[in-house]
1. Restricting to the stretch 13-48, and then to whatever is outside any helix (DSSP H, G or I) and of a type in the set (A, V, I, L, M, F, W, C), can you tell me which residue is modelled with the lowest pLDDT?
2. Could you grab me the full set of residues in the stretch 15-68 that are small (Gly, Ala, Ser) and loosely packed, with under 10 Cβ neighbours inside 10 Å?
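The values are calculated or read from the model by the stated rules, or taken from the named source; none is laboratory data. Quick caveat, the model's predicted, so the values are computed rather than measured. Every residue, glycine among them, receives a Cβ derived from its backbone with ideal geometry; neighbour counts consider all protein chains shown.
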Amino acid sequence: MTKDFNIEAYVDHTAAAIGLPIDSGHQPNVVGYMRMIAGMAALVNEFPLPPSVESASTFTPCSISTLE
């Protein structure tokens with residue numbers, strides 16, 4: 001996340017774009033969770049990987065029948 005990224009505006013604009021009303025009393029908590037998630041993502045993105053590591057294959061969910 002860059003220093004000029006406005007997470008409050010991001011939360012407000014994203015919620016409006018998908019039609020999700022956020023009560024003004026809940027907005028600070030939503031922003032807080034977004035900050036926490038962004039911090040976790042930064043740790044993952046900053047973790048160095050050697051060139052030999054390949055991306056994971058595409059996820060293909062199994063059918064319900066294989067779970068029984």
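1. Only one residue fits best here, namely Phe47.
2. Listed by number, the residues that qualify are Ala17, Gly19, Ser24, Gly25, Ser52, Ser55, Ala56, Ser57, Ser63, Ser65.
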